[in-house]
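First up is the structure itself, then whatever we jot down about it.
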Amino acid sequence: MAGDLAIAVGGLWKSYRKYEQRSHTLKERVLRRAHRYEEFWALREVDLEVPAGTALGIIGANGSGKSTLLKTMAGILTPDRGSVEVEGAMSSLLELGTGFHPELTGRENVYLGGSLLGMRRHEVAARYDEIVDFAGIEPFMDVAVKNYSSGMYARLAFALAVSVDPEILVVDEVLSVGDEAFQMRCFERIAQLRTGGRTIVLVSHSLDTIRSLCTSAVWLDGGTVRERGRAHDVVAAYLGEVHATASHDIDQSPDRRGNRWGSGEVEITDVAFVDGEGAAVGAFRTGEPMTVRLHYRATEARDDVVCGVAVHRADTLVHLFGENTRGAGVPLRLAGEGTIEVLIPSLPFLKGAYVVTVALHDATMARVFDWHERRYSFLVFENPDLPTQVGSVHVPLTWRVSASTMAV
Amino acid sequence: MGIPTVGTAPPPRARPPARRRLERRERVQARELTANLVRRDLKVRHRGTFLGMLWSLANPLLVVGLFYLIFRFVLRQQTAPDLPRPDGNDVPFAVYFFCGLILWNLFSNSAANGTNSVVGSGYLLRKVYFPRQILPLSSVLSALVEFGFELLVLLAVIVVFVGPPDLHLLWVPPIVGVVALLSYGVALLLSAVTVFLRDVAHFIGLLLQLGFWATPILYSLQFVADHEAVLRLLKLNPMTGPVVSFRNVVLLNHGPDLGLLAYSLGVALVVLAVGGLAFRRWERLFAEIV
């Protein structure tokens, strides 16, 4: 395996036997000698390479083989044909609280569960305070977890899960459980692991999660790789298919697919959402600074370029705002390669998923160089430091109450 | 955890050089996980009881006390029909019985719990990767720890009621080692087979009952010395050698029966090899079937 690959999957086939009725006992074995079963190929000829330090998302409909692929990468399942090679210490996070024993105390379960997540004893010990702190159940750490409320149990399991720090992390859906604070913390943790050069493989039904957290993605369909590439493109292709097949779906506008068009003299090569610390992340809190960073490549020098950015809600596609360099009075002279940054000192959006359009065109908009319609997305989580508001945007305001002179 | 190359279709690629470091990390992780599982088994066993871990000492004490009463007052069997101790001290039958019993329990607990270890941990197998043989191994280790407590009680009882042991005690580790190897082999084999054939879990209970009577625990080999065929049959039982030898070195201050012990070691190694092969061959299917 090349030195920079974390996971290499080659020609992977995996089948399950669907027994009509699995016979476990001798009597059944003897009475019905032949097993009647159907062979079901969950994965057929899957090839994948995950470069070290990148995040791969796996998407696809139910039963498309996502979890099987993940479990095979994690070594839980063994391929029927093909190979899985892993370079680096791997932890798999397929459910919360794996191996927790109800009779054991919170503390004992942290150590037991930690070792099942591939953590060494001293590693758990080093992070123990952090785990307890995050779970927020310090007084209960010496109580058997069977006496925990389900919320406490989930908090502890979650706190342990986000404390793992392997070279390679394989995650299945666990992100989608838990409340807001958990999810935000989880995103932060994964973003942190990514900036720390860790490799991440993520299965999620939330396409926004995949778009926000992953560099690349594969789309599994019936056990084979249907599409692979940059996360945004794969998600767009998947959405296109889903919308094409789901005829009853309300929103059938073709541009929901995340179209891209333009003449290409000046190209947008990458778009990143950068947080206050300068890290490219996919999730923010309301009120935090966010920078939209565009990378461009101009095959010829031009001074008539206008760059525009617009944000829509991902669920309703409501256009929340848009601005371009012409309206802002910023002249652009683009040549070679470079970046354009839009600095938002305080993100006004409330919690939810947002999609972003970026475009390069000329002053009259008669000529479009590169238009990426709603191809990028980020998530916003509630900011506990701000007063709770509902809707799409945060409006800083104050209330004033005065007694009416008419009142008694 | 690093995953070894698996599958057959494409030829295996060259082994990356960083492998060695990973294997070591993996080994350490596996050791810690084993220790944690053993710790869990032991803690859970007595959790919620008033005496807690003290039960590990109290239980065998109560057992030996009960035997004493039964043999003394009900069966009126006082001394053991075996080799005499060099110092001429009498050996109460209860102590004689208890001595063989704890070694048998080591084997019996390992085999019974080991058999269920894989089937009983389906929820782990489906969610995390770890070397699967950790499961039967931790069953054997848990039984070994319990045995340690029982051995302490036994030694105390011997010192108080029989007399001091002598240097033959040094034979205890190798004898226990043979039993542990045999237990691990049986646990490996049966835990793997049970995944495909649940009946084994029921059979093993029956077989262990049979094994108890087919091992000279409640009687001595001298007791059946007149019956050539029975004696030969008993000597085929790989637990006979360790039990006889254990009693000789701990209780009777004699040497072990080296011939029988060597035979047991041979059987243990064969069972271990067969069990290891079966386990390795089938472990890939555990997560799908359990």
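The values are calculated or read from the model by the stated rules, or taken from the named source; none is laboratory data. No experiment lies behind these values; they were computed from the predicted model shown. All Cβ positions, glycine included, derive from the backbone under ideal geometry; neighbour counts span all protein chains shown.
Please indicate, with yes or no, whether at least one residue in the range A:323-332 is touching a Phe, Trp or Tyr at 6+ places or on another chain (Cβ under 9 Å) and closer than 27 Å to A:Thr209 by Cα. Scanning the range A:323-332 turns up no residue that is touching a Phe, Trp or Tyr at 6+ places or on another chain (Cβ under 9 Å) and closer than 27 Å to A:Thr209 by Cα. Scanning the range B:215-225 for residues that are in contact with a Lys or Arg (Cβ under 9 Å, 6 or more places away or on another chain) and either within 14 Å of chain A (Cβ to nearest Cβ) or loosely packed, with under 15 Cβ neighbours inside 10 Å (or both) returns no hits. For A:Leu343, state whether it is surrounded by 11 or more Cβ atoms within 10 Å (Cβ to Cβ), touching a strand residue (DSSP E or B) at 6+ places or on another chain (Cβ under 7 Å) and touching a residue at least 24 places away in the same chain (Cβ under 8 Å). When the stated conditions are applied, A:Leu343 does not pass them.
A single entry from B:Gly48, B:Gly7 fulfils the requirement of being buried (at least 19 other Cβ atoms within 10 Å of the Cβ), within 14 Å of chain A (Cβ to nearest Cβ), over 25 Å from the mean Cα position of the chain (by Cα) and at pLDDT below 90: B:Gly7.
If I filter the range A:292-302 for residues that are under 17 Å from A:Val393 (Cα atoms), modelled with pLDDT under 90 and outside any loop (DSSP other than H, G, I, E, B), do I get at least one hit? So far as the range A:292-302 goes, no, none of its residues is under 17 Å from A:Val393 (Cα atoms), modelled with pLDDT under 90 and outside any loop (DSSP other than H, G, I, E, B).
Condition check ((1) among the aromatic types (Phe, Trp, Tyr); (2) modelled with pLDDT of 95 or more; (3) crowded, with 24+ Cβ neighbours inside 10 Å) across all residues:
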{"site": "B:Ala180", "(1), (2), (3)": "no, yes, no"}
{"site": "B:Gly185", "(1), (2), (3)": "no, yes, yes"}
{"site": "B:Leu188", "(1), (2), (3)": "no, yes, yes"}
{"site": "B:Val200", "(1), (2), (3)": "no, no, no"}
{"site": "B:Gly205", "(1), (2), (3)": "no, no, no"}
{"site": "B:Gln209", "(1), (2), (3)": "no, no, no"}
{"site": "B:Trp213", "(1), (2), (3)": "yes, no, no"}
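Residue-level check: of (1) touching a residue at least 40 places away in the same chain (Cβ under 8 Å); (2) more than 14 Å from chain A (Cβ to nearest Cβ), B:Asn116 misses just (2).
Restricting the search to the range B:196-240, which residues are in a helix (DSSP H, G or I) and in contact with a Phe, Trp or Tyr (Cβ under 6 Å, 6 or more places away or on another chain)?
Initial filter on the range B:196-240 (in a helix (DSSP H, G or I)): B:196, B:199-213, B:221-224, B:228-236, B:240.
Residues satisfying the conditions do not exist here.
Considering B:Val140, B:Val178, B:Val91, B:Val159, which residue is in contact with a Phe, Trp or Tyr (Cβ under 8 Å, 6 or more places away or on another chain), more than 14 Å from chain A (Cβ to nearest Cβ) and hydrophobic (A, V, I, L, M, F, W, C)?
B:Val140
In the range B:119-135, the condition of being away from chain A (no Cβ under 14 Å) and assigned to a helix (DSSP H, G or I) is met by no residue. What number of residues in the range B:50-98 are in contact with a strand residue (DSSP E or B) (Cβ under 8 Å, 6 or more places away or on another chain) and assigned to a loop (DSSP other than H, G, I, E, B)? Qualifying residue count for the region: 4.
Based on what the data block shows, is B:Val172 buried (at least 22 other Cβ atoms within 10 Å of the Cβ), over 19 Å from B:Val290 (Cβ atoms), under 19 Å from the mean Cα position of the chain (by Cα) and β-branched (Val, Ile, Thr)? Considered against the rule, which asks whether it is buried (at least 22 other Cβ atoms within 10 Å of the Cβ), over 19 Å from B:Val290 (Cβ atoms), under 19 Å from the mean Cα position of the chain (by Cα) and β-branched (Val, Ile, Thr), B:Val172 comes out as no. When we screen A:Arg194, A:Arg226, A:Arg189, A:Arg198 for residues that are under 18 Å from A:Thr68 (Cβ atoms) and modelled with pLDDT of 80 or more, the only hit is A:Arg226. For B:Val145, are the conditions met, namely being in a helix (DSSP H, G or I) and either in contact (Cβ under 8 Å) with a residue 24 or more places away in the chain or crowded, with 21+ Cβ neighbours inside 10 Å (or both)? Answer is yes for this residue.
Within the range A:341-373, the residues that satisfy the criterion of being in a loop (DSSP other than H, G, I, E, B) and not hydroxyl-bearing (Ser, Thr, Tyr) are A:Pro345, A:Leu347, A:Pro348, A:Leu350, A:Lys351, A:Ala363, A:Met365, A:Ala366, A:Arg367. Candidates in the range A:72-121 are the residues that are part of a helix (DSSP H, G or I) and among the β-branched types (Val, Ile, Thr); of these, the one that is farthest from the other protein chains (Cβ to nearest Cβ) is A:Val110.
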